[in-house]
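Some notes on the structure that comes next.
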Amino acid sequence: MGADDKGKDKGADEEPQVDNPYVTRLETLKTNLVDELKELKKCLKTATQDVGGDGKTGKSWVGKTANKWHDEVQGNRGRMIRELDKLIPAVDAQIKELPPKVSASTARMMNKDMQYM
């Protein structure tokens, strides 16, 4: 430390910390995903119920072919829902990996970077 450094606060030259723009955007994505996934699951259920099935649920198409289609769609629906249910935990994991606060200059750079996403 030189004579000029005496009495100088170490953090005085540091930039202020601001919310991480990546975290903010990921939290918005997560909120939107929750709503979209709920709607998508509802649509998948309705589509599966409207075709074929046990004879009671088929509203738009009935018969042997409709029942085969129903069984296939029901299986695909389950597989799709399992994959969709992985989205929110994946976003959460990414949020946890990022620092909640960054310097103001880093945040500006991140915001510029996100303009091209």
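Observations on the model:
- Checking region 61-68 against the condition returns no match, with no residue being at pLDDT 90 or above and open to solvent by less than 80 Å² (accessible area, probe 1.4 Å).
The rows are residues; the columns are (1) at pLDDT 95 or above; (2) in a loop (DSSP other than H, G, I, E, B); (3) under 27 Å from Lys101 (Cβ atoms); (4) small (Gly, Ala, Ser).
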residue	(1), (2), (3), (4)
Met1	no, yes, no, no
Ala12	no, no, yes, yes
Tyr22	yes, no, yes, no
Leu29	yes, no, yes, no
Glu36	yes, no, no, no
Lys42	no, no, no, no
Thr46	no, no, no, no
Gly53	no, yes, no, yes
Thr57	no, yes, no, no
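- Failed item in (1) open to solvent by 90 Å² or more (accessible area, probe 1.4 Å); (2) among the aliphatic types (A, V, I, L, M); (3) in a helix (DSSP H, G or I), with Ile81 passing the rest: (1)
The values are calculated or read from the model by the stated rules, or taken from the named source; none is laboratory data. Please read these numbers as outputs of a predicted model, since none were measured by experiment. In this analysis, Cβ positions are derived from the backbone assuming ideal geometry, glycine residues included, and neighbour counts consider all displayed protein chains. Heavy atoms of the whole protein, side chains included, go into the accessibility calculation; ligands, DNA and RNA do not. Shrake-Rupley method; radii C 1.70, N 1.55, O 1.52, S 1.80 Å.
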